[in-house]
Amino acid sequence: MPILTLESTCDETAAAVISADGQVLGQCVATQETLHERFGGVVPEVAARAHVERILPVIDTALTDAGVRGAELDAIAVADRPGLAGSLLVGVVAAKTLAVAWKKPLVAINHLHAHLYACQMASDVPVYPCIGLVVSGGHTSLYHCTSPLDLDYLGGTIDDAAGEAFDKVGAMLNLGFPGGPQVSRLAAQGNPKAHAYPRSMLKEPGYRFSFSGLKTAVRYSIAPPGVKDFSDIELSDQAKADVCASFQAAVVEVLVAKSVRAVKEHRCGHLIVGGGVAANPALREALQSAAEKHRFDLVIAPMNLCTDNAVMGAIALEKIRRGEFASLDLDITAGLQRGF
Ligand code: ATP
Ligand code: MG
Ligand code: FE
């Protein structure tokens, strides 16, 4: 029988119906981008209220799409960590309520493990064991994954996440929110060598990343010190494209280098990559070239499963196979997940 998966960790409200053998029967994602755009970032309180409004229609749409009734479900799964507290609460409370009403078991999903599981959804063969790279709005982390549910944290960012840096650069260039997709689009027309931005921690052993210095370097290349309001800065389209291309090249270089290092040091022939930034075409291309050059198998999450969605919640099937269910007093674990 199918399961229902819910996702509300940040600013996407999503639900999916997945069959016991992993087929997507129905799904729905409601984004909140337009709500947060005028603030230049996700406002937690606004996000939580929007989730409350959307969660039931989104669940309804996914179930209707699938032609499945609540009574026909096997389990209700929900991402309970990590994320914004108010956002997580809406999904978890909805899941618990439906679990009680429909008398179904509850399954808790780790959102970052789910981002990586999106790669398994795209592959006919098992992608685990592997090295996993999560590059998203809140995280930049490398894991050694022995299974979808057994992940050893190797290292990650000590400050900004890669996606956050993309968004901040987008904001400095007045490209709207979220800036990642816009920066990536403009970068395609720019010169990646126009600015020599830093590749922080590239030569340092281990798997730590840092993007805040890069962000600052971009900031000073756009406007002189003292300028606080970037809406007054006038750059030509080409100048903006050059900043985007050079910034993107710096991010891509460190992400690829550390991922390759992890694959080699762990003598692991497989790399999987998930999270919103995995949608970046330059990163996808550079990872592909590295996989050919260093001869490892690469699976990047499909474009439609990079940013937040509930389809990747199919990882709940792995938990069900292990008999790992959550109790009805399931609570959220908010904040960022660094170091584990
Ligand atoms: P987390 O998963 O860490 O909790 P999140 O769920 O908010 O954070 P995702 O939805 O996985 O993050 O990804 C959103 C991020 O991906 C944003 O920062 C966005 O700018 C970035 N992003 C999306 N598309 C692209 C792209 N083409 N190039 C670069 N960044 C992108
Ligand atoms: Mg989002
Ligand atoms: Fe995410």
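FYI, it's all coordinate maths here, none of it is from the lab. Fair warning: this is a prediction, and the values are worked out from it, not measured in the lab. FYI the Cβ positions are ideal-geometry reconstructions off the backbone, even for glycines, and counts take in every protein chain you see.
The residue of region 292-313 that is nearest to Leu116 (Cα to Cα), among those that are within 15 Å of ligand 3 (Cβ to nearest atom) and assigned to a helix (DSSP H, G or I), is Met312. Evaluation of Ala114 against the conditions (1) surrounded by fewer than 18 Cβ atoms within 10 Å (Cβ to Cβ); (2) within 15 Å of ligand 3 (Cβ to nearest atom) shows that the sole unmet condition is (1). Looking at (1) touching a residue at least 60 places away in the same chain (Cβ under 8 Å); (2) closer than 23 Å to Gln32 by Cα; (3) surrounded by 22 or more Cβ atoms within 10 Å (Cβ to Cβ), can you tell me which one Val251 breaks? Failing condition for Val251: (2).
Within region 271-291, if we keep just the residues that are outside any loop (DSSP other than H, G, I, E, B) and among the polar types (S, T, N, Q), the residue that is farthest from ligand 1 (Cβ to nearest atom) turns out to be Ser289.
Of the strands (runs of 3 or more DSSP E) entirely within region 1-103, those holding at least 1 residues that are over 21 Å from the mean Cα position of the chain (by Cα) occupy 3-7, 24-31, 75-81.
So, Tyr197, is that one under 24 Å from Ala262 (Cβ atoms), more than 21 Å from the chain's Cα centre (by Cα) and among the aromatic types (Phe, Trp, Tyr) or not? So Tyr197 passes the test. From the list Ala99, Ala94, the one residue that fits, being away from ligand 3 (no atom under 16 Å from the Cβ) and touching a helix residue (DSSP H, G or I) at 6+ places or on another chain (Cβ under 6 Å), is Ala94.
Residues in region 117-136 that are closer than 20 Å to Gln337 by Cβ, hydrophobic (A, V, I, L, M, F, W, C) and outside any strand (DSSP E or B): Ala118, Cys119.
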